[in-house]
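Below is one structure, written out as structure tokens; the observations come after it.
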Amino acid sequence: MSQPAVSVNQPDSGFTDRVTRLTEGKYCSRIAAKEAGLWGAEATSEASIRLGWTNPPAAMFETVSEVSQLRDELSEQGVTRVVLCGMGGSSLAPEVMARAHGAPLEVLDSTHPDHVRAVVDRDLVDTVVVVSSKSGTTVETATAKASFEEAFHAQGIEPKERIIIVTDPGSPLHTDSEKAGYRVFLSDPHVGGRFSALTAFGLVPATLAGVNTAEVLQQAQSMHEQMASDSADNPAVSLAAALSSTERDMMCLIEEENLPGFGDWVEQLVAESTGKDGKGVLPIVAGGVGPDADLADVVTVSRGPESDVSVHTSLGGGFVLWEWVTALVGALIGVNPFDQPDVESAKIAARALLDELPTRPDALRTDGIDIWLSGSNEQSRSIDDAVETLFHQVSPSGYLAIQMYVNRLSTQDDNLRSEVAARLGRPVTVGFGPRFLHSTGQLHKGGPDDGVFVQIEWQADEDLSIPGYPFSYQQLIDAQAWGDRSVLVERGRPVLTLRVRDQAGFDRALRALRG
């Protein structure tokens, strides 16, 4: 007998009632029928144009075939390096596919000058760039496109021969790109970005990078055929019921070794979809919980039988399963899983800062680090004081989010989450800005009011201009960080901002967090 995709090993007291609610209410078949009213009257308008992800994945085989042919053509020309410019769901899904299949795919989802320079400022003779954006107005993607266009021109390479566009039909990016002669792949406009793993947004860059996306689609189709069943045997039903408890509003994801990065994709999908109206499920990727913590409010999800919930899926099956689960969780806890109002609030704040480019309030400077601590009437005497003051504000049911506005390519620290979690005895998440602003940033501001936040900004030694824009990359990432901070502070969230200028300052900041 084959192993079930989902096994709930330690259900909470209301688990059976939630399974009954989903099965007797026929939630799954109603989603399959694209019933937009399932998430309430206020969500109906948005949901009615966001259910394209319920279509059979097999419908995308034609697109995969077309992109595979393009990949072969580019390879014959010596073009083998694939760079994806995209944010949130449009970049995380193909990144997961590439890692799982050992395919080389570089992702530019940062506005940090050092990160952009490392990806763009090199010999581009072997490079093809995929620019993915539903509208094309997303500032991170638009600026990356402008930088690559300039770089290709500087090397005597025609950009329209090396830049491939993925967007929605009729979007400004679609219109402008067709006029300019770019190759354009159109996605289903009825699929939101974080549900777009199995659309052109996920499949085009992954296929170009060499992923066997036909296999991924076959896996996805197999799982899809189980999803419309209003039965307790439907794996989406049991997993959604396990994650919708009022007793456990956080989940610890322990990734499978053969699916590296999959937890990051689940994190953005679940956090951005459920974190609003003061509700939400906070995903914590493995390592973000302390070994001795009292974590009765955290449900553990892994492949192992000792966890609260065991999940056994293929990569393609996992994409389908978690999309359905997320939609069901939204219905159970009473939120619209298809909007992201608080992501937009941070964007508005950042745009306002870019328009005026104001100076920041005075900071405490110590050890070469600038320190701003919200809600503090007195400046802390040191970075250790500031960290200690902030950590005291983590409640017995709260969490700490570390937000890194740094060059992600050179500052990965696999032990930071676990070491800080061990110190606090509470869950810790780590996100890289600005990419987390398009995912977990929604939950930070719109979800339960139990988060405490540390921002680490690394000022680049050398700024980088953006072709055609009145601001630089350093000014952009500064505005994004301070704009998000301002919204968090307005919502009453405690925030500590640490600005460093070199490796020594960064190391000092991490030592302060570790204690």
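The values are calculated or read from the model by the stated rules, or taken from the named source; none is laboratory data. Computed from a predicted model, the values in this text were never measured in an experiment. Because the Cβ atoms are built from the backbone with ideal geometry, glycine has one as well, and the counts that use them run over all protein chains shown.
Worth pointing out:
- Considering the conditions (1) touching a strand residue (DSSP E or B) at 6+ places or on another chain (Cβ under 6 Å); (2) in a helix (DSSP H, G or I); (3) over 16 Å from Leu443 (Cα atoms), Leu328 is excluded by exactly one of them, (1).
- Matching entry among Leu295, Leu269, Leu315, Leu321 (being under 14 Å from the mean Cα position of the chain (by Cα) and in contact (Cβ under 8 Å) with a residue 24 or more places away in the chain): Leu269
- Hey, Ala386 buried (at least 18 other Cβ atoms within 10 Å of the Cβ) and either more than 30 Å from Ser29 (Cβ to Cβ) or of a type outside the set (S, T, N, Q) (or both) or not: yes
- Evaluation of Leu498 against (1) among the aliphatic types (A, V, I, L, M); (2) in contact with a Leu (Cβ under 7 Å, 6 or more places away or on another chain); (3) modelled with pLDDT of 95 or more (one fails), failing number: (2)
- Within segment 272-288, the only residue that satisfies the criterion of being of a type in the set (Gly, Ala, Ser) and touching a strand residue (DSSP E or B) at 6+ places or on another chain (Cβ under 6 Å) is Gly288.
- Residue match in segment 435-448 (condition: charged (D, E, K, R), closer than 19 Å to Gly278 by Cα, modelled with pLDDT of 90 or more and assigned by TED's automatic domain parsing to the domain that holds Ile348): yes
- Exclusive hit being under 21 Å from Asp449 (Cα atoms), β-branched (Val, Ile, Thr) and in contact with a His (Cβ under 8 Å, 6 or more places away or on another chain), set Val285, Val329, Val343, Val281: Val343
- Count of residues meeting criterion [assigned to a helix (DSSP H, G or I), farther than 27 Å from Gly330 by Cβ and in contact with a helix residue (DSSP H, G or I) (Cβ under 9 Å, 6 or more places away or on another chain)] in segment 171-213: 9
- Whichever residue in segment 26-47 is free of Cβ contacts under 8 Å to residues at least 24 places away in the same chain and of a type outside the set (S, T, N, Q) and, among such residues, is nearest to Ala200 (Cα to Cα): Lys34
- The single condition among (1) surrounded by 15 or more Cβ atoms within 10 Å (Cβ to Cβ); (2) in contact (Cβ under 8 Å) with a residue 12 or more places away in the chain; (3) under 20 Å from Arg71 (Cβ atoms) that His174 does not meet is (3).
- Where helices (runs of 4 or more DSSP H) fall wholly inside segment 1-120, the ranges with 2 or more residues that are crowded, with 22+ Cβ neighbours inside 10 Å and either touching a strand residue (DSSP E or B) at 6+ places or on another chain (Cβ under 6 Å) or modelled with pLDDT under 95 (or both) are 89-101.
- Comparison of Leu437, Leu409, Leu443 shows that the only residue that is surrounded by fewer than 19 Cβ atoms within 10 Å (Cβ to Cβ) and within 17 Å of the chain's Cα centre (by Cα) is Leu409.
- Residue list for segment 488-504, restricted to those being surrounded by 20 or more Cβ atoms within 10 Å (Cβ to Cβ) and not charged (D, E, K, R): Leu488, Pro494, Val495, Leu496, Thr497, Leu498, Val500
- The listed residue being more than 17 Å from Val191 (Cα to Cα), touching a residue at least 60 places away in the same chain (Cβ under 8 Å), charged (D, E, K, R) and not assigned by TED's automatic domain parsing to the domain that holds Glu267, out of Arg81, Arg50, Arg18, Arg99: Arg99
- Exactly one residue out of Ser231, Ser187, Ser171 is closer than 30 Å to Glu24 by Cα and of a type in the set (Ser, Thr, Tyr), and it is Ser231.
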